[in-house]
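One structure below.
The values are calculated or read from the model by the stated rules, or taken from the named source; none is laboratory data. Since we're looking at a predicted model, the values are computed, not measured. Counting neighbours? That spans all protein chains shown, and the Cβs are built from the backbone with ideal geometry, glycine included. All accessible areas refer to the heavy atoms of the entire protein, side chains included, with ligands and DNA or RNA removed. Shrake-Rupley method; radii C 1.70, N 1.55, O 1.52, S 1.80 Å.
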Amino acid sequence: MTRDHSRFNFVQRLFHWIMAVCILAMLFIGVGMVSTVMPKYVPLLATHKTLGIAILALALIRLAVRLRYGAPPLPEDLPAPMRLGAHLSHYALYGLMIAMPLVGWAMMSAGGYPVVLYGGIHLPPLLAQSDALHALLWNAHFYLAFAFFALVLLHIAAALFHGLIRRDGVIESMAPLPVHDEPAAPK
C-alpha cells in the first residue's frame with residue numbers, strides 16, 4: 001500500500017478531528033466556567049480539567065505522529081508570506097495545545113487545588129502553593145485562551161480560504177474522507 005502524499009495519513013486526520021471537537025468544547029466550557037458561580041461550575045471545572053489533560057496527551061501523541069510522518073507539501077504557488085503564516089500558525093497551535101493544559105495544571109497546583117480527573121485520578125502538583133504564582137498563572141491561562149481562540153478562528157478562516165477561494169487541495173489534505181471533484185462516470 002502506498003502513501004498518498006497529497007493528504008495527511010488516517011491517524012493524523014483522526015487526531016485532528018478528535019482534537020478539533022475537544023478544543024472547541026474546551027473553549028466553550030471555559031467561557032461557561034468564568035461566566036457562572038452557579039452550582040454547574042463544579043461539573044464544568046471537572047470536565048475542563050479532564051478534557052485539558054486529554055488534549056495534552058493527544059497533542060503530544062499528535063506531535064510525535066506529525067514528526068514521524070510529516071505533512072503534505074503546501075501548494076507550489078502559495079505566496080511566501082502565506083507559506084510562512086501557515087508554518088508559524090501550526091507551531092503556535094501545537095504550542096498552545098501543549099502549553100494551555102500545563103499552565104492550567106500549574107495554576108491549580110499553585111492555588112493549592114487538587115487536580116482530580118474523572119475516575120478519581122489525582123495528578124501530582126506541578127508547583128508548590130503560591131498565591132502570587134497562582135494569580136500570575138490564572139492571568140496567563142485566561143489571556144492565552146483568548147489567543148488560542150483567535151488562532152483557532154484564523155485556522156478555520158484559512159481552511160475556508162483554501163477550500164472556497166483558492167481551491168488548492170489544502171483543505172482536502174485534512175478532510176476526514178477523500179473529496180472528489182469529478183462527477184461520477186455515467187453507467
For this session: Could you please find all residues in the range 134-148 being open to solvent by less than 60 Å² (accessible area, probe 1.4 Å) and without any contact (Cβ under 8 Å) to a residue 24 or more places away in the chain?
Result: Ala135
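Criterion first (under 24 Å from the mean Cα position of the chain (by Cα), open to solvent by 70 Å² or more (accessible area, probe 1.4 Å) and either over 30 Å from Val42 (Cα atoms) or of a type in the set (Ser, Thr, Tyr) (or both)) does Pro124 satisfy it?
Working: under 24 Å from the mean Cα position of the chain (by Cα): yes; open to solvent by 70 Å² or more (accessible area, probe 1.4 Å): yes; either over 30 Å from Val42 (Cα atoms) or of a type in the set (Ser, Thr, Tyr) (or both): no.
Judged against the criteria, Pro124 is not a match.
Just to confirm my filter: which helices (runs of 4 or more DSSP H) fall fully inside the range 1-120 and include at least 1 residues that are touching a Leu at 6+ places or on another chain (Cβ under 9 Å), open to solvent by 50 Å² or more (accessible area, probe 1.4 Å) and in contact (Cβ under 8 Å) with a residue 24 or more places away in the chain?
On the way: elements: 10-34, 41-69, 80-110.
The helices (runs of 4 or more DSSP H) meeting that bar are 10-34, 80-110.
Is one or more of the residues making up the range 115-132 among the acidic types (Asp, Glu) and modelled with pLDDT of 95 or more?
Filtering the range 115-132 for residues among the acidic types (Asp, Glu) gives 131.
Then drop every residue that is not modelled with pLDDT of 95 or more, which leaves 131.
Scanning the range 115-132 turns up at least one residue that is among the acidic types (Asp, Glu) and modelled with pLDDT of 95 or more.
For residues that are more than 18 Å from Ala54 (Cβ to Cβ) and either assigned to a helix (DSSP H, G or I) or in contact with a strand residue (DSSP E or B) (Cβ under 8 Å, 6 or more places away or on another chain) (or both), tally how many sit in the range 121-130. Even if it seems obvious, please write down each step before you answer.
Here is the first cut: in the range 121-130, the residues more than 18 Å from Ala54 (Cβ to Cβ) are 125, 127-130.
If we keep only those that are either assigned to a helix (DSSP H, G or I) or in contact with a strand residue (DSSP E or B) (Cβ under 8 Å, 6 or more places away or on another chain) (or both) too, we end up with 125.
The total comes to 1.
Filter the range 149-161 for residues that are touching a residue at least 24 places away in the same chain (Cβ under 8 Å) and open to solvent by less than 90 Å² (accessible area, probe 1.4 Å) and give the result. Let's see the steps before the verdict.
Taking the range 149-161 and keeping what is touching a residue at least 24 places away in the same chain (Cβ under 8 Å), we get 149, 151-152, 154-155, 158.
Correct list: Phe149, Leu151, Val152, His155, Ala158.
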Seminar exercise, completed: Here the residues within the range 131-171 that are charged (D, E, K, R) and part of a loop (DSSP other than H, G, I, E, B) are Arg167, Asp168
